[in-house]
Amino acid sequence: MAEEIEWWEYEEAEEWVDALAGDIGFIIESAIDARGGAVIALAGGKTPAPVYEKLAAAKIDWKRVTIVPTDDRIVPLGDALSNVTGLGKTFIPKGARVIPLVSEKADDYKAAGRAADARLADFHWPLDLVLLGMGADGHTASIFPGPDFDEALNGPKERRALGVMPDPLPPEAPVARVTLSGAAIANAKSLMVAITGAEKRKVLETAIAQGASSAYPIGRVLAETELPVDVHWLE
């Protein structure tokens, strides 16, 4: 189980954005100072977008920063469902490298996962930071209940990414995914969770309390890390 989970609570969206952008920026700069570069994984979706806009405006040597999505839908680059497309629009103009887990629509999601795993092997591991979001159903990254759930959580520790088929498929994005593995997330040097709203707080508190036997994917993932975890919650 995570050694310690610290909750940071915010009443104003601007405070939440500033705190998250500031903390992520500090981790990036610390990694650049330590070894000349930073490799981080950022959650997709609309919720953290203002955080990324604020972060991109920071005076960071972005040419030394590599960003991957924590997960992505198996759709072409530029598709409205593509997480890496949004990250790319924000950070590539600043000079960062933004590496796709998925670059095209593919019928074989397992093969797409193997390709992503091979691509990630070229970068510095463990990751300097993983920023997780969470769905109201307790999924995180694209670790959903379904036929690949156990493999995502308990597959080989050296596996960094894999293809997953949520079951049931989320109606807002009914496609297969590629996600970082539970091990890749749990072994990061820093781990943060960013959530909003009372409903998600209740789910996350329950998931944390249940630990390794949690019915919620995020509870299972956090149970595997030995790091302190910072949860940034906006009311």
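Brief remarks on what is shown
- Relative contact order [Cα under 8 Å, 6+ residues apart], the chain, whole percent: 26
- Loop sites in region 120-212: GluC sites (Glu not before Pro), DSSP, at most 12 other Cβ within 10 Å: GLU158, GLU172
- Treating each Cα of region 191-235 as one equal point scatterer and applying the Debye formula with no solvent, the log10 of I(q)/I(0) at q = 0.20 Å⁻¹ comes out as -0.59.
- With each label modelled as a point 7 angstrom along the Cα→C-beta vector, the ALA212-GLU53 pair spans 4.3 nm.
- Accessible surface of region 2-74 [probe 1.4 Å, protein heavy atoms]: carbon and sulfur percent: 48
- Helix-only [θ]222 nm of the chain, DSSP H runs n ≥ 4, -39500 (n - 2.57) each, per residue, nearest 500: -10500 deg cm²/dmol
- The spacing between region 182-235 and region 1-77, judged by their C-alpha centroids, is 16 Å.
- For region 175-224: relative contact order, % (alpha-carbon pairs under 8 angstrom, 6 or more apart): 30
- Ligands, DNA and RNA left out, the 1.4 Å accessible surface of region 141-235 is 51% carbon and sulfur atoms.
- Spin-label pair GLU199/SER30, simplified geometry with 7 Å Cα→Cβ offset, distance in nm: 3.4
- If you wrap the tightest convex hull around every Cα atom of region 110-190 and split its volume per residue, you get 90 Å³.
- Neighbour cut-off at most 13 other Cβ (10 Å), DSSP loop, trypsin sites (Lys or Arg not before Pro), region 153-235: LYS157
- Rounded accessible area per residue of region 1-114, 1.4 Å, Å²: 51
- Entry for Cα extents along the principal axes in Å (calculated from the structure that is shown) out of (1) 43, 41, 40; (2) 62, 35, 29; (3) 43, 37, 31: (3)
- Shape index of region 1-48: Rg/Rh, with Rg the Cα radius of gyration and Rh the Kirkwood radius from the inverse mean 1/r over Cα pairs, equals 1.03.
- For region 109-235: relative contact order, % (alpha-carbon pairs under 8 angstrom, 6 or more apart): 29
- Pairs spanning more than 22 Å between alpha-carbon atoms, out of LYS59/LYS89; LYS89/LYS110; LYS94/LYS189; LYS94/LYS200; LYS157/LYS202; LYS110/LYS157: LYS89/LYS110; LYS94/LYS189; LYS94/LYS200; LYS157/LYS202.
- With a Förster radius of 35 Å applied to the C-beta separation of LYS94 and GLU158, the computed FRET efficiency comes to 0.65.
- Column: log10 I(q)/I(0), Debye, Cα scatterers of region 73-146, q = 0.17, 0.19 Å⁻¹: -0.82, -1.04
- Each principal axis of the Cα cloud of region 57-96 was taken in turn, and the coordinate range along them, longest first, works out to 32, 16, 12 Å.
- Region 9-123 - Kirkwood radius from inverse mean 1/r over Cα pairs (Å): 14.9
The values are calculated or read from the model by the stated rules, or taken from the named source; none is laboratory data. Computed from a predicted model, the values in this text were never measured in an experiment. Cβ sites come from the backbone with ideal geometry, for glycine too, and all protein chains shown count toward neighbours. SASA here: full protein model, heavy atoms, side chains in, ligands and nucleic acids out. Shrake-Rupley method; radii C 1.70, N 1.55, O 1.52, S 1.80 Å.
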